[in-house]
Amino acid sequence: MIKIYGMITCPDCSYLMDQISGRENEYEYIEIGEHVFKLKEFLRLRDSERNAEIFKDIKATGGVGIPCFVLENGRISLDPRDAGLEANPQ
């Protein structure tokens, strides 16, 4: 199962919600604004030394790093296509 960390107030995250609706057996959406424990879980993932390179550019420009995908093999990605989803065309 692919985990997606995001917030409903994020336009890119909300765009994904329609794509994963009804596909709960494939995707687990974790709303990091719902509870501080979920936010801390995401921050531990984002700020770990192991994932520093993935989030380096995002953090340098003041971004949060959502949506964030934890693929079934454990790889972290910020690209929805890696999770089989479409990016927000904005």
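Can you name the number of the only condition in (1) without any contact (Cβ under 8 Å) to a residue 60 or more places away in the chain; (2) among the hydroxyl-bearing types (Ser, Thr, Tyr); (3) touching a strand residue (DSSP E or B) at 6+ places or on another chain (Cβ under 9 Å) that residue 21 fails?
Unmet condition: (3).
Which of the residues that make up the stretch 24-53 are open to solvent by less than 40 Å² (accessible area, probe 1.4 Å) and among the aliphatic types (A, V, I, L, M)?
Scanning the stretch 24-53 gives 30, 32, 45.
Could you list all residues from the stretch 1-53 that are aliphatic (A, V, I, L, M), under 16 Å from residue 81 (Cα atoms) and in a loop (DSSP other than H, G, I, E, B)?
Hit for the stretch 1-53 is 1, nothing else.
Looking at this structure, is residue 62 small (Gly, Ala, Ser) and at pLDDT 95 or above?
Against the criterion (small (Gly, Ala, Ser) and at pLDDT 95 or above), residue 62 does not qualify.
Starting from residues that are assigned to a loop (DSSP other than H, G, I, E, B) and touching a Lys or Arg at 6+ places or on another chain (Cβ under 7 Å), keep the ones in the stretch 54-90 and report whichever is most open to solvent (accessible area, probe 1.4 Å).
Result: 87.
The values are calculated or read from the model by the stated rules, or taken from the named source; none is laboratory data. Worth saying up front: this structure is predicted, and the values here are computed from it rather than measured. Cβ sites come from the backbone with ideal geometry, for glycine too, and all protein chains shown count toward neighbours. Surface areas here come from the heavy atoms of the whole protein model, side chains and all, with no ligands, DNA or RNA. Shrake-Rupley method; radii C 1.70, N 1.55, O 1.52, S 1.80 Å.
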